[in-house]
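Enquirer: Here it is: the structure, laid out below.
Each reported figure results from applying straightforward, stated rules to the coordinates on display, with no laboratory input. None of the values given here were measured: they were computed from a predicted structure. Here the Cβ positions follow ideal geometry from the backbone for every residue, glycine too, while neighbour counts run over all protein chains shown.
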Amino acid sequence: MTRKFKLERAHARIASKATMFKVLKYLDRRRVETPLLLIDRDKIREKVSLVGSGIRNSRVYYAMKANPDRGVLKLMDSLGMGFEIASEGELNPLRALKVAPDRIISSNPVKSVKFLKAAAKYGLRSFAFDSMEEVEKLARFVPGSNVYIRVAVANEGSEWPLSRKFGVELDIALKLIDYAREKGLNPAGITFHVGSQCLNMYNWDTALYKAKALWEMAEREGVKMSLLNIGGGYPINYTKGVVGVEAIERNIDRIIRDNFPSDIEVMIEPGRSLVGDAGVFVSSVIGKARRGHENWVQIDVGVFNGLMESIGGIKYTYLVENGGGKKKGFTVAGPSCDSFDVMGAEVQMPEPEVGGLMLILSAGAYTTCYASEFNGFPIPKTKII
Ligand SMILES: *Cc1c(COP(=O)(O)O)cnc(C)c1O
């Protein structure tokens, strides 16, 4: 069976030609059961070698919440990646892979006691914090460990902001650094997160200058830090081209060189940018309808089983099988009976056929890990190709 998809120049800007070629070849050779997430291992390899290469003294820790698929973790491990984790559920598969504890950090500012005990037992030594309560837990369960304070930074222009939940202002941060030291922890440095899918380069500038101010405040109190953890946030292409990793890192590297000690240790925690554009969802069109003035198309992957981020504003690129004709606007919805299960309105695409396939590009991050079996629709399987 030959599957026909019309690739436009715009599509090649979202998923690379090499990735699309592999996906189409995979679909040509077999009958696939949908929904299915295909992950291009070569794309992940390419991103792993790119991310971090522009920032001196940096080490990359994959934020595994973006895609904790066992195959993905194995690949990351074989490529020598570090890992950023938040829970026992994320520690367990790394333990099974025998990832050395010095390659694992936890930057979730609030960690459960159960997780801290497991982390201590396995030998983790690097943790984020942003409260007195967390300092007390860390001092008790992982005494003497290296801790870094999460500061609040601007998340404007990030499509998935994270700043409302975590991070403190500098005066509080300074008090917490002192408190950590008093409790026998090593206040090693500072962390922030500019927001996920950050399209505003300026967020890194303001975050780094804020970190520099705190660094100097701490130094005046006699605390000499050594670590800057710049979190994640590097964006990928969903429907339009975004600023590349090279340009972002060139800017970050320059600011770090100009404002921090030359022997500073830098941690980077990318999630989305390492796996996002390596993934392509293969879904089936299960129905169409004309309701009011809208053309609706329903597919077997939706908000509840993989495309959750579409309700937060992420817009995906959809590729229609046999779609050569004129485009029109469709409301694209998932399979469930819930009215939240709508991914987008006025999505321009050629007329899809019921029973045909629909590909969704850049679907490797924050998709299957969010999925549930709500309403009886399956969580998509993952296949690494
Ligand atoms: C989610 C998260 C990341 C990864 O963010 P991306 O935007 O996917 O790169 C990194 N660090 C922390 C602490 C996070 O919570």
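Enquirer: Sequence gap at least 6, Cα distance under 8 Å: using those rules, report the relative contact order of the range 62-221 to the nearest whole percent.
Expert: Result for the range 62-221 is 18 percent.
Enquirer: Here is a further query. Enter the angle in degrees (range 0 to 90, nearest 10) between the Cα long axis of helix 132-141 and the first principal axis of the Cα atoms of the chain, meaning the one along which they spread out most.
Expert: Here the helix axis deviates by roughly 80 degrees.
Enquirer: Please give me, ordered by residue number, the GluC sites (Glu not before Pro) of the range 343-373 that lie in loop per DSSP and have at most 15 other Cβ atoms within 10 Å.
Expert: Here the sparse-neighbourhood loop sites are GLU353, GLU373.
Enquirer: If the viscosity is 1.002 mPa s and the temperature 20 °C, what Stokes-Einstein diffusion coefficient in µm²/s follows for the range 247-374 when Rh is the Kirkwood radius over Cα pairs?
Expert: In µm²/s, the coefficient rounds to 129.
Enquirer: Please work out the Kirkwood hydrodynamic radius for the range 15-111, using every pair of different C-alpha atoms, and report it in angstroms with one decimal place. Working shown, then result.
Expert: Working: mean 1/r = 0.0658 Å⁻¹.
This gives a value of 15.2 Å.
Enquirer: Given charges of +1 on the Cβ of Lys and Arg and -1 on the Cβ of Asp and Glu, with all other atoms neutral, how large is the dipole of the chain about its Cα centre, in debye to the nearest 20?
Expert: It works out to roughly 1220 debye.
Enquirer: Between GLY89, ILE55, LEU24, whose Cα lies farthest towards the positive end of the dipole of the range 1-94 when Lys and Arg beta carbons carry +1 and Asp and Glu beta carbons carry -1, centred on the Cα centre?
Expert: LEU24
Enquirer: Give me the percent relative contact order of the chain, please, defined on Cα pairs under 8 angstrom at least 6 residues apart.
Expert: Over the chain, the number comes to 22 percent.
Enquirer: Let me ask you something else. Using a Gaussian network model of the chain with C-alpha springs under 10 Å, which one of TYR202, TYR148, TYR61 is most mobile by mean-square fluctuation?
Expert: Looking only at TYR202, TYR148, TYR61, the largest GNM fluctuation is found for TYR202.
Enquirer: From the Cα trace of the range 44-167, what convex hull volume per residue do you get, rounded to a whole Å³?
Expert: Hull volume normalised by residue count: 125 Å³.
Enquirer: Over all directions, what mean area does the Cα convex hull of the range 225-281 project, stated in square nanometres? Before the final figure, lay out each step's value.
Expert: Numbers: hull surface 18.0 nm².
About 4.5 nm², averaged over all directions.
Enquirer: Where the Cα atoms of the range 300-347 are projected onto their three principal axes, how long is each span, largest first, in whole Å?
Expert: Ordered largest first, the range 300-347 gives principal extents of 30, 20, 16 Å.
Enquirer: Of VAL332, THR368, TYR316, which is farthest towards the positive pole of the range 306-385's charge dipole, taken about the Cα centre with +1 and -1 on the beta-carbons of Lys, Arg and Asp, Glu respectively?
Expert: TYR316
Enquirer: Which is farthest toward the positive dipole end of the range 232-294 among HIS293, SER283, ILE264, measuring Cα position about the Cα centre, with Cβ charges +1 (Lys, Arg) and -1 (Asp, Glu)?
Expert: Selected residue: HIS293.
Enquirer: Still on this structure, I have one more. In nm, what is the difference between 0.36 nm times the number of residues separating ARG31 and SER53 and their Cα-Cα distance? Numbers along the way, then the final one.
Expert: Numbers: separation 22, 0.36 × 22 = 7.92 nm, distance 3.97 nm.
Between ARG31 and SER53, full extension yields 4.0 nm more.
Enquirer: As a test of understanding, state the convex hull volume per residue of the range 80-128 from its alpha carbons, in Å³.
Expert: Numbers: hull volume 3.1 nm³, N = 49.
Normalising the Cα hull of the range 80-128 by residue number yields 63 Å³.
Enquirer: Just how many % of Cα pairs in the range 109-160 lie over 14 Å apart, if you round to the nearest whole percent?
Expert: 52
Enquirer: Which FRET efficiency, nearest 0.05, do ARG290 and LYS121 yield, Cβ-Cβ r, R0 51 Å? Don't jump to the answer; show the numbers that get you there.
Expert: Values: r = 59 Å, r/R0 = 1.16.
E(calc), rounded to 0.05, equals 0.30.
Enquirer: Got the relative contact order for the range 136-179 handy, in percent, Cα pairs under 8 Å and 6 or more residues apart? Show your work: numbers first, answer last.
Expert: Values: 27 pairs, mean separation 15.5, N = 44.
Here the relative contact order equals 35 percent.
Enquirer: Where q = 0.06, 0.08, 0.09, 0.11 Å⁻¹, what log10 of I(q)/I(0) comes from the Debye formula for the chain, counting one point per Cα?
Expert: Results for the chain at q = 0.06, 0.08, 0.09, 0.11 Å⁻¹ read -0.25, -0.44, -0.55, -0.79.
Enquirer: Roughly what % of DSSP beta bridges within the range 261-384 run antiparallel, to the nearest 5?
Expert: Counting DSSP beta bridges with both partners in the range 261-384, the antiparallel share is about 85 percent.
Enquirer: I would also like to ask the following. Please work out the C-alpha center-to-center distance from the range 174-188 to the range 1-63 and express it in whole Å.
Expert: That distance is 43 Å.
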